[in-house]
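Undergrad: Starting off with a structure, shown below.
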Amino acid sequence: MPRSPIIADLNTTVSLGNIARGLDGGVNDASRLPAWLDRNLFNNATLGDLYQPGKPIIWINASDLYNRTPFLFSPETFAALCSDIRKYPLSNAVAASAAVPVAFVPVVLESFPTACTTPLPPWVGRVIADRNSGAQVRAFAQALTHYREPGQMQYVKLADGGITDNFGLSGLVIARAAADNPYFPLTPEKAVRLRRVIFMVVNAGQAPAGDWAHTINGPSGADLLNAVTDTAVNSAVRSGFDAFRLSLHDWEDSIRKWRCSLPAAEARRLGAPGDWRCSGFSFQIVQIGFDLFDAQRAAKLSSIPTRLKLPTDDVDLLIESGSEAVLNHPTFKGL
């Protein structure tokens, strides 16, 4: 069966009715995008299909509008909601991660604080009690406690993950800040055997636009709204990337100290090869963005709008450029 275009299932016209719907909470209700995703991509898969032993760790991010924090679709988050993540539709999680305010009604989850007796993980209390803990993991820990407190909040309203974490880095930053061992989320066997880890961060953000920087007046109207939104998102992106870089540095240092403290017999048991050196590994961060190309191509890529429907030539150019940026990057070529 041929796939239907996503734009056919969504209300995207500019009209007084849609403006009113947007001001009332969102133009497209929470059923439209998940229904298209299930029908065309996910075949009614659930998050339980992702969280299986031996499969890669995947964090889907949205934004918790009430707590003003990233919302991670993870077993720990759903345990705080007293809800079963294995039954939650994958399409709903992806839709929440892309639910741009006004264009989409927030995706809603319900909390059941009296439905379970399992306490929150010990790290939640530890992080909240530690005034020196990172601001991001501290806010996330406080959100988890809010989900568990009867009368605090019954419904979690989720919107586009880019509001709080446009690079999608918070999952690892929070996981590391909450970890109770030096290598998590790696297993000890993988932490012993690793030699080189490359973190690829994709920055598809657009360059500043508009001609109001050349006039004494402006911005106004839509230009003002876009400028304010872009300023807030870009500022959060830079802060998030800096936090990610610091987290990786601390993680690398923790793994190095742990590896070098292992007795030789234990290192071999965990899979260390004969030529193993405890300090013989490295973490590197690679950022892939339009600035890797010449000015003309970068300008063309940056001018492609964020829309649900794009001309075929623009889609082909983005795919080709993404592949070229990765394959020609010096770090990847060296690997």
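The values are calculated or read from the model by the stated rules, or taken from the named source; none is laboratory data. This structure is a prediction, so every number in the text was calculated from the model and none was measured. Heads up, the Cβs are rebuilt from the backbone with ideal geometry, glycines too, and the neighbour counts pull from every protein chain shown.
Undergrad: Specify the residue that is nearest to VAL202 (Cα to Cα); the eligible residues are those in region 275-300 that are of a type in the set (A, V, I, L, M, F, W, C) and touching a strand residue (DSSP E or B) at 6+ places or on another chain (Cβ under 9 Å).
TA: Only one residue tops the list, namely ILE288.
Undergrad: Pairs please, first residue from region 59-80 and among the charged types (D, E, K, R), second anywhere and assigned to a helix (DSSP H, G or I), Cβ atoms under 6 Å, 6+ apart in sequence or on different chains.
TA: The qualifying pairs are ASP64/ALA143.
Undergrad: How many of the residues in region 173-226 are acidic (Asp, Glu), in contact (Cβ under 8 Å) with a residue 40 or more places away in the chain and either outside any loop (DSSP other than H, G, I, E, B) or closer than 22 Å to SER302 by Cα (or both)? Explain how you work it out, then say what you get.
TA: Going through region 173-226, the residues acidic (Asp, Glu) turn out to be 180, 189, 211, 223.
Those still in the list that are in contact (Cβ under 8 Å) with a residue 40 or more places away in the chain too: 180, 189.
So of that shortlist, the ones also either outside any loop (DSSP other than H, G, I, E, B) or closer than 22 Å to SER302 by Cα (or both) come out as 189.
Number satisfying all stated conditions: 1.
Undergrad: Name every residue in region 73-115 that is part of a strand (DSSP E or B) and within 24 Å of GLY151 (Cβ to Cβ), in order of residue number. Can you show your working first?
TA: Going residue by residue through region 73-115, those that are part of a strand (DSSP E or B) are 89, 101, 104, 107-110.
If the condition is that a residue be part of a strand (DSSP E or B) and within 24 Å of GLY151 (Cβ to Cβ), then VAL107, VAL108, LEU109, GLU110 are the ones that fit.
Undergrad: Further question on the same structure: What's the number of the condition ASN92 fails, among (1) under 30 Å from ARG245 (Cα atoms); (2) crowded, with 16+ Cβ neighbours inside 10 Å; (3) in contact with a helix residue (DSSP H, G or I) (Cβ under 6 Å, 6 or more places away or on another chain)?
TA: (1)
Undergrad: OK, next. If you go through region 95-119, how many residues are in contact with a helix residue (DSSP H, G or I) (Cβ under 6 Å, 6 or more places away or on another chain) and free of Cβ contacts under 8 Å to residues at least 60 places away in the same chain?
TA: Residues of region 95-119 that are in contact with a helix residue (DSSP H, G or I) (Cβ under 6 Å, 6 or more places away or on another chain), as a first pass: 95, 102, 107, 111, 113.
This time we only want the ones that are free of Cβ contacts under 8 Å to residues at least 60 places away in the same chain, so: 111, 113.
So the answer is 2.
Undergrad: Here's a check for you: in region 116-167, which residue that is assigned to a loop (DSSP other than H, G, I, E, B) and of a type in the set (D, E, K, R) is modelled with the lowest pLDDT?
TA: Filtering first and then ranking leaves ARG131.
Undergrad: Would you point out which residue out of PRO106, PRO5, PRO56 is modelled with pLDDT under 90, surrounded by fewer than 16 Cβ atoms within 10 Å (Cβ to Cβ) and within 23 Å of ASP165 (Cβ to Cβ)? Write out each step before concluding.
TA: Numbers: PRO106 fails: surrounded by fewer than 16 Cβ atoms within 10 Å (Cβ to Cβ); PRO5 fails: within 23 Å of ASP165 (Cβ to Cβ).
Sole residue among the options that is modelled with pLDDT under 90, surrounded by fewer than 16 Cβ atoms within 10 Å (Cβ to Cβ) and within 23 Å of ASP165 (Cβ to Cβ): PRO56.
Undergrad: While we're here: Given the criterion over 21 Å from PHE140 (Cα atoms), among the β-branched types (Val, Ile, Thr) and in contact with a Gly (Cβ under 6 Å, 6 or more places away or on another chain), identify the matching residue among VAL197, VAL192, VAL201. Spell out the reasoning first.
TA: Details: VAL197 fails: in contact with a Gly (Cβ under 6 Å, 6 or more places away or on another chain); VAL201 fails: in contact with a Gly (Cβ under 6 Å, 6 or more places away or on another chain).
Residue meeting the stated conditions: VAL192.
Undergrad: Quick one: TYR66 ticks every box in (1) under 21 Å from ARG176 (Cα atoms); (2) under 19 Å from the mean Cα position of the chain (by Cα) bar one, so which box is it?
TA: Among (1) under 21 Å from ARG176 (Cα atoms); (2) under 19 Å from the mean Cα position of the chain (by Cα), TYR66 violates only (1).
Undergrad: Still on this structure: Quick check: is even one residue across region 162-184 surrounded by fewer than 14 Cβ atoms within 10 Å (Cβ to Cβ) and under 28 Å from ASP130 (Cα atoms)?
TA: Step one: list which residues in region 162-184 are surrounded by fewer than 14 Cβ atoms within 10 Å (Cβ to Cβ), which gives 180-181.
Pick out the ones that are also under 28 Å from ASP130 (Cα atoms) and you get 180-181.
Yes, because at least one residue in region 162-184 is surrounded by fewer than 14 Cβ atoms within 10 Å (Cβ to Cβ) and under 28 Å from ASP130 (Cα atoms).
Undergrad: Checking SER170 against (1) touching a Leu at 6+ places or on another chain (Cβ under 8 Å); (2) among the polar types (S, T, N, Q); (3) without any contact (Cβ under 8 Å) to a residue 24 or more places away in the chain, only one condition comes out false. Which one?
TA: Exception for SER170: condition (3).
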